[in-house]
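Please treat every number below as a calculation from the coordinates, not as lab data. Keep in mind that this is a model prediction, so the values were computed, not measured. All Cβ positions, even for glycine, are placed from backbone atoms using ideal geometry, and neighbour counts span all protein chains on display.
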Ligand SMILES: C[S@@+](CC[C@H](N)C(=O)[O-])C[C@H]1O[C@@H](n2cnc3c(N)ncnc32)[C@H](O)[C@@H]1O
């Protein structure tokens, strides 16, 4: 088979069930043949090596069965950087750009800001913040060993040395040392899907770890924990910023208002309320 025949046949296999079949096919093609889309045009009549063809169709079949493209590629772009993405770790979402940008605005001009990220996953938020604010002191808390390992790899990949990771349960763990744990910013994109909704998610999303999605019976478990347990670690002048799911703005605002916070809501690219920024009154 020629390179072009391989690509077109993979694309055709995907087109039956995958909306973005061209993009997915070319991305998998680039991974397997180590040539980019421009080179494919130049060398389309070249014979494709058998070993690469075998790997290509294996991955195409995985994609047809619903494995997310990001897990197949093992990497994904978030804002200006490409991050390592591994199975059992949440795939970075475009929506999360909003929370990072809100944090950029809050931290502007601040000297050595102290930041706590709760539920850090692959580390995209902490790494984007550390990249922008080199003197920031960041601690990230995450329960999943897989996610912690993935975040460590991403820290190395992006040359970020001094972000402290604690493998802890944010619903149970509380630091004793309030001096050390006193922050200008607490940021979190926690699990926020109500448990009963998980079975209705897209088949790709269902392949992501439940622990990264499951926000308890009403999806609000982690917001309560952040407002009730973690807010005592925020300085008086500090902010707590959280990403939220669709239609959660009122409930999450109420949770923080009940603890004496003012709230401000930010929308995402699709005009959906996506981030809540809070400050003590
Ligand atoms: C929605 S993901 C967000 C990951 C990352 N911050 C991002 O934006 O891509 C939520 C993360 O919370 C972690 N998590 C779930 N329950 C937790 C708990 N009780 N304590 C700490 N982390 C938890 C999950 O493992 C997952 O990595």
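Using Stokes-Einstein with the Kirkwood hydrodynamic radius over Cα pairs, what translational diffusion coefficient do you get for region 1-150 at 20 °C and a viscosity of 1.002 mPa s, in µm²/s rounded to a whole number? Don't skip to the end; give the middle numbers.
Values: Rh = 17.6 Å.
For these conditions, the coefficient is 122 µm²/s.
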For the chain, modelled as a GNM with alpha-carbon contacts under 10 angstrom, which of 246, 99, 255 fluctuates the most?
246
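Express in nm, to one decimal, how much length is gained between residue 270 and residue 51 on full extension, taking 0.36 nm for each residue of separation and deducting their alpha carbon distance.
Full-extension gain reported as 74.6 nm.
With a 10 Å Cβ neighbour count serving as the proxy for reagent exposure, in which order, fewest first, do 120, 80 appear?
On the way: 120 29, 80 7.
Ranked by crowding around the Cβ, least crowded first: 80, 120.
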Label point distance in nm, residue 82-residue 254, each placed 7 Å from Cα along Cα→Cβ
4.6 nm
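Give me the Kirkwood hydrodynamic radius of region 46-114 in Å, from all C-alpha pairs, to one decimal place?
Numbers: mean 1/r = 0.0660 Å⁻¹.
It works out to 15.2 Å.
For 104, 270, 192, what's the fewest-to-most ordering of other Cβ within 10 Å of each Cβ?
Fewest-to-most Cβ neighbours within 10 Å comes out as 270, 104, 192.
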Need the C-alpha centroid separation for region 94-133 versus region 12-40, integer Å.
33 Å
Using a Förster distance of 30 Å, the FRET efficiency for residue 236-residue 164 (Cβ separation, nearest 0.05)
0.80
Taking Cα pairs under 8 Å and at least six residues apart, what relative contact order does region 189-281 come out at, in percent?
26 percent
Gaussian network model of the chain, Cα springs within a sub-10 Å range: biggest mean-square fluctuation belongs to which of 96, 139, 237?
237
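Mind ordering 195-204, 217-226 by average Cβ neighbours within 10 Å, highest first?
On the way: 195-204: 12.0, 217-226: 20.1.
The most tightly packed comes first, giving 217-226, 195-204.
How much length is gained on full extension from residue 12 to residue 205, taking 0.36 nm per residue of separation minus their Cα-Cα distance? Can you show the working numbers first?
Numbers: separation 193, 0.36 × 193 = 69.48 nm, distance 2.31 nm.
67.2 nm is the gain from fully extending residue 12 to residue 205.
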Cα-based Rg / Dmax (Å) for region 135-281
15.9, 45
Given the -39500 (n - 2.57) contribution per DSSP H run of 4+ residues, what per-residue ellipticity at 222 nm results for the chain, rounded to the nearest 500 deg cm²/dmol?
-11000 deg cm²/dmol
Rg and Dmax of the chain, using alpha carbons, in Å: what are they?
21.1, 68
For residue 134 paired with residue 36, estimate the spin-label separation in nm (one decimal), with each label point 7 Å from Cα along the Cα-to-Cβ line.
2.8 nm
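What FRET efficiency would be calculated for the residue pair residue 152, residue 5, taking the C-beta separation as r and a Förster radius of 51 Å, to the nearest 0.05? Working shown, then result.
On the way: r = 41 Å, r/R0 = 0.81.
Efficiency for this residue pair is about 0.80.
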Over region 3-65, what is the mean sequence separation of C-alpha contacts under 8 Å (at least six apart), divided by residue count, expressed as relative contact order in percent?
46 percent
Please work out whether region 3-65 counts as rounded, prolate or oblate from its C-alpha gyration tensor, where a ≥ b ≥ c are the square roots of the eigenvalues and a/c under 1.5 means rounded, while otherwise a/b larger than b/c means prolate and anything else oblate?
prolate
Packing-based exposure ordering (other Cβ within 10 Å, fewest first) of 3, 8:
8, 3
Which one, 175, 68, 92, has the greatest fluctuation when you compute a Gaussian network model over the chain with C-alpha springs under 10 angstrom?
175
Relative contact order of the chain, pairs being alpha-carbon contacts under 8 Å that are 6 or more residues apart, as %:
14 percent
